[in-house]
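What follows draws every value from the coordinates through simple rules; no lab data is involved. Nothing here was measured: the structure is a model prediction, and the numbers come from that model.
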Amino acid sequence: MNDKWRGVGCILLSLMFLMCVFSLLLMVGASGAPSDNQLIRSVDGYSEQSAQGQQLPNDSRIQILDRRFNDIEIRQGQEIYTAYCGVCHGIDGQGQFPEAPLLPDSTGRIGAPPHDDTGHSWHHSDEILIRYVQEGGFSDLTRFYPMPPFQDILTDEQTLLVIAYIKTMWTGEQRVMQRELTEEERRLFSD
C-alpha cells in the first residue's frame, strides 16, 4: 500500500512540476511580447483593430493635420521625446507622478500630465498640441508645474515628430476621436 501511494505521489509531483514549467513558459512568453504602449505600430498599410475586435478606419493611423507619419519618422519622434519630454511626462508617457498623475503634490501643484492612453492629450486638437509644445503650458502656475516653451529648442518638424510619437501611446479609438476633434475645429475656424 505504501508503494502504491508513493507511486501516486511521484506522478502528482511530476504533474505539478510540468504545470509549473508550463506556467513559467507562458509568463516568459507573455512578458517578451510588447504591450500596446511599448509597440510602435506600423503606420503604412497597417490596419488596426479596436479593443472589441472591430476594424478601425484608416484615420486611426498616425496623422497630424493633413500629414501621415511613417515608422522612421515616429522612431525619430520617440528619440526626441525621450531626450526632451520623458524627464517630465515619463519615458512611457505615464506622467510626472504616475502613481497619482492628476492629484496635487506637497506643493499643491499637479505635475506634467500623462501622454499615454490614460491621459488627456488626445482630447486636444492638433493645433493645440502644437501650441503646447512650441509655446509651453498656458495654465495657472499656482496649480500646475510650468511647461517650458520648446519653439527655440525644437524645429517645427521635430515638434510634429514628437506629437506623432505621442499619438502612438493612444488607442486607435482615441486617435479617431482626436482626428475628428481636429477636423471639427478646422471647420469652425477656417473662415
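With the convex hull drawn over the C-alpha atoms of segment 57-191, the volume per residue is 113 Å³. Applying D = kT/(6 pi eta Rh) to segment 140-191, where Rh is the Kirkwood radius over alpha-carbon pairs, T corresponds to 10 °C and eta to 1.306 mPa s, the Stokes-Einstein value obtained is 117 µm²/s.
Taking segment 82-128 on its own, what percent of its Cα-Cα pair distances exceed 12 Å?
Values: 645 of 1081 pairs.
When every Cα pair of segment 82-128 is considered, 60 percent fall beyond 12 Å.
Projected over every direction and averaged, the convex hull enclosing the alpha-carbon atoms of segment 96-161 yields 4.8 nm².
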